[in-house]
Amino acid sequence: MPAPPRESLAPFAPFAALIAIALLACGLAASTWSTFGHTWDEPEHLGSGLSLLDRGVYEYDIQHPPLARLALAVGPYLAGARSQGTPPPDGRPEGIAILYGSGHYDLYLALARAGALPFLALLVVMSFVFARPFTTPLGALVAAGFCATTPAVLGHGALATLDVPAAATCLLALHAMQRWLQSARTRDAVWLGVALGIAVATKLSAIPFVGLGALALVLLSAWERNEGAPVAAAARRIGGLALAGLLASAFLTLVYGGRFVYLTNDAHVYSQPLGYLFGYSGAVHDAAYAIGAKVPVPEAFQLIVGGIEALSYHNQLGHPSYLLGEVRNSGWWYFYIVALAVKTPLPLLLLGLPGLGILGRDGWRARSARPLAIPVLFVVLLGFCSYYSRINIGVRHVLVLYPLLAVGATVTLTHLWRAWVAHPAGRKSEFTSAAVALLLCWYSTAVTWSWPDYLAYFNETVRDPGAVLVDSDLDWGQDLKRLTLRLKALDVPSVSLAYLGTADLAREPLPPYTLLTPDQRATGWIAVTQLARVHAPDRFHWLDPYAPRERVGKSIDLYFVPPRPAGS
C-alpha cells in the first residue's frame, strides 16, 4: 500500500506532536515514583475513592468530590486492593491501611499515581488549546511544552492528589464556557454542561474558580459586543444555561453513585444541608424541610452541600501555614504571589508576564474578548485565592495559572520571532536572538537539574527554601523513603526522628527509632524533617551548634550528635 502523501499528514502533525509532549510530561512525572514514598494527602484520596468503588459508600473527607479519587483508585482496585472499612470521616487511616496492609505498598501507590496522569495530559492539552488562537500550531506546541516541563506541574502531576486534576478540569470548563459564549450553539451548551460537571466533580474549588472565571468571560463577551448589561445578554442564552446546568447536575448525580434520598424523614427530622442553606428556623426553613420530606433529591446534593460547608468552615478556621519564617493560621494575602515568584522558573516568569501584558494590550485596543480573557483570568483567579483563601499550603492550589502563564510566554516568543523576521540583521536582532536562546536554555535546566525533585523545586532567587515555603512546596513527607535507604546504607543502629506526615513509621523499614518530643534533646543519629522544624522552631534550637551531616533528599536534615561525656 503506498504511503499517504505528505500533504495529507501535515494537518495531523501538530496533534501528534501534542500527544508526544503530553506523554513526555507523563513520563517525566512517572520517572519520580520510585524515589518517593507517599505524601501527606495521598492515602486519604486513595481511601476515599476505593471506598466508593468497592463498597459504594462515600464517607471520607467529603469536602472533596469523588471523580479524580475514583480515577486514583481504579488501578489499585484492579490489582486487588480493597476498602478496609475504617471509621469515617478521616480517610487517612483507611488509605494507610490499604497501602501497608497487604505487602503491595509500592504497587498500589504507583497505580494510584498513574490515575493522575490523564489529568496531567489534559492540562498540557489545555495549554495548547488556550494558546492556539494567538500563535501558529508550532507556537501552541511551545506553550504545551512550557506547561509539560514546569517543575511544580510535574511534581504534583506525579502524585495521587487532586491539584493537577482540579487545574486541568477547571481550564476545560472555562474553555467550554468561552466557546459557548462565542457560539450560543446547543452542542456547545451540552459540552459546557459536561465540562462543568467534570470540574465540580473533581474538586469543589471549581465552583469559585469556574464561577468567577465564567463571570469574567461573560463581562468580556458583553463588552466586546457592546451589549450593555451582561444580564440581558445572558438572558438571551437562558435555554443554553439551563441545559448546561441540567447536564452538570446529572453528571454529578452519577459520579456520586446515582442514588436519591429524602433529606428529612420521621427518623431524621434535622438536615444539615437544609439548615446550612435555609437557616435553622423561620418560614423559609419550614418550607424547605417540608419539601425535603416529600421530594427525593440526588445524594450528590447532600454531599456537595456538606462538602461546601466543611470547606467553608475549614477556610474560616484557617490552617497552619508557613511563609518567610512565620507560622500563621490566617494566611497572608500575598502568599500565592510569593509562591509563584519562587516556585516558577525565572525564564517562564520573564517571558510569561510580558506576554500576558501584550495580550491585555492587544485585546483592549481591538476590543476583543479572546486575547483579553487570558490575562483577566490570570488576575481574577490569583486575586480570588489571595483575597479569600486562608488555607495557604502550597503553590499547588494555583496550578491552574501555569497554562495561562505558558500562553503568555508563547505570545512573547511569537512577538520576538516576528520582530526578528521583519529585521533579521542588526545588533538589536542579534541581541534579541541571543537573549531568547539563553532564556530557553536556562529554562531547560530547571527540568534537567531538578529531577527527580520537581515537588521541591525553587528558582534561583531562593538560597534557603526552608526559610520561604515548606508545606507541600518543599516537604510533604515525600523523602521518608530516601531516609530509610540512607540509614540502611550508613548502617545506623538507631535514630531519633522528628517527622510530620502520614506514613505508618512502624511499618517503614527504619532502624529502631524514637520520636522526638517537644524540647527533648538527643544524641547519636537524629533526623529532622523541614515541616517538623518550621512548625516547632523553638523545639530544635538545641541543634543549632551542630551542622547537619547531610541533607537527605530536599527535606530531611540528618545529624550525628556525639554522646555527652559521663558526668557532664
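In table form, for the structure just shown:
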item: Residue selected from segment 53-80 under the condition in a loop (DSSP other than H, G, I, E, B) and acidic (Asp, Glu), by the criterion nearest to residue 117 (Cα to Cα); result: 61
item: Test for residue 495: is it without any contact (Cβ under 8 Å) to a residue 60 or more places away in the chain and either surrounded by fewer than 16 Cβ atoms within 10 Å (Cβ to Cβ) or of a type in the set (A, V, I, L, M) (or both); result: yes
item: Check on residue 563, touching a Leu at 6+ places or on another chain (Cβ under 7 Å), assigned to a loop (DSSP other than H, G, I, E, B) and without any contact (Cβ under 8 Å) to a residue 60 or more places away in the chain; result: no
item: Which listed residue is of a type outside the set (Val, Ile, Thr) and either in contact with a helix residue (DSSP H, G or I) (Cβ under 8 Å, 6 or more places away or on another chain) or more than 26 Å from residue 160 (Cβ to Cβ) (or both), from 487, 483, 516, 531; result: 516
item: Pairs, first closer than 15 Å to residue 270 by Cα in segment 283-296, second among the hydrophobic types (A, V, I, L, M, F, W, C) and outside any helix (DSSP H, G or I), C-beta under 9 Å, six or more apart; result: 288/263; 289/263; 289/269; 291/263; 292/263; 293/263; 293/269
item: Out of 204, 247, 174, sole residue that is under 30 Å from residue 289 (Cβ atoms) and modelled with pLDDT of 95 or more; result: 247
item: Residue 267, sole failed condition from (1) at pLDDT below 85; (2) in a helix (DSSP H, G or I); (3) over 26 Å from residue 312 (Cα atoms); result: (2)
item: Residue match in segment 364-372 (condition: at pLDDT 95 or above, under 25 Å from residue 151 (Cα atoms) and touching a helix residue (DSSP H, G or I) at 6+ places or on another chain (Cβ under 8 Å)); result: no
item: Residues of segment 506-547 classified as modelled with pLDDT of 85 or more, assigned to a loop (DSSP other than H, G, I, E, B) and β-branched (Val, Ile, Thr), total; result: 1
item: Test: residue in segment 489-497 that is closer than 23 Å to residue 347 by Cα and among the hydrophobic types (A, V, I, L, M, F, W, C); result: no
item: Qualifying positions in segment 402-418 - touching a residue at least 24 places away in the same chain (Cβ under 8 Å), surrounded by fewer than 24 Cβ atoms within 10 Å (Cβ to Cβ) and among the aliphatic types (A, V, I, L, M); result: 413
item: Residue 338 vs. criteria of a type in the set (Val, Ile, Thr) and under 18 Å from residue 212 (Cβ atoms); result: no
item: Of residues in segment 81-131 being outside any helix (DSSP H, G or I) and of a type in the set (D, E, K, R), the one surrounded by the most Cβ atoms within 10 Å (Cβ to Cβ); result: 82
item: Any helices (runs of 4 or more DSSP H) falling wholly within segment 392-490 and containing at least 3 residues that are more than 28 Å from residue 325 (Cα to Cα) and at pLDDT 95 or above; result: 401-422, 480-489
item: Filter pass, residue 509 being without any contact (Cβ under 8 Å) to a residue 12 or more places away in the chain and under 33 Å from the mean Cα position of the chain (by Cα); result: no
item: Condition check for residue 506: of a type outside the set (S, T, N, Q) and buried (at least 21 other Cβ atoms within 10 Å of the Cβ); result: no
item: Residue count for segment 512-525, restricted to those that are surrounded by 13 or more Cβ atoms within 10 Å (Cβ to Cβ) and either touching a strand residue (DSSP E or B) at 6+ places or on another chain (Cβ under 6 Å) or in contact (Cβ under 8 Å) with a residue 60 or more places away in the chain (or both); result: 5
item: Set 204, 212, 220, 181: member being in contact (Cβ under 8 Å) with a residue 40 or more places away in the chain and touching a Ser or Thr at 6+ places or on another chain (Cβ under 8 Å); result: 181
item: Checklist (1) under 28 Å from residue 367 (Cα atoms); (2) surrounded by fewer than 19 Cβ atoms within 10 Å (Cβ to Cβ); (3) among the aliphatic types (A, V, I, L, M) applied to residue 216, failing item; result: (2)
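The values are calculated or read from the model by the stated rules, or taken from the named source; none is laboratory data. Just so we're clear, the structure is a prediction, and the values are computed from it rather than from any experiment. Backbone-built Cβ (ideal geometry, glycine too); neighbour counts: all protein chains shown.
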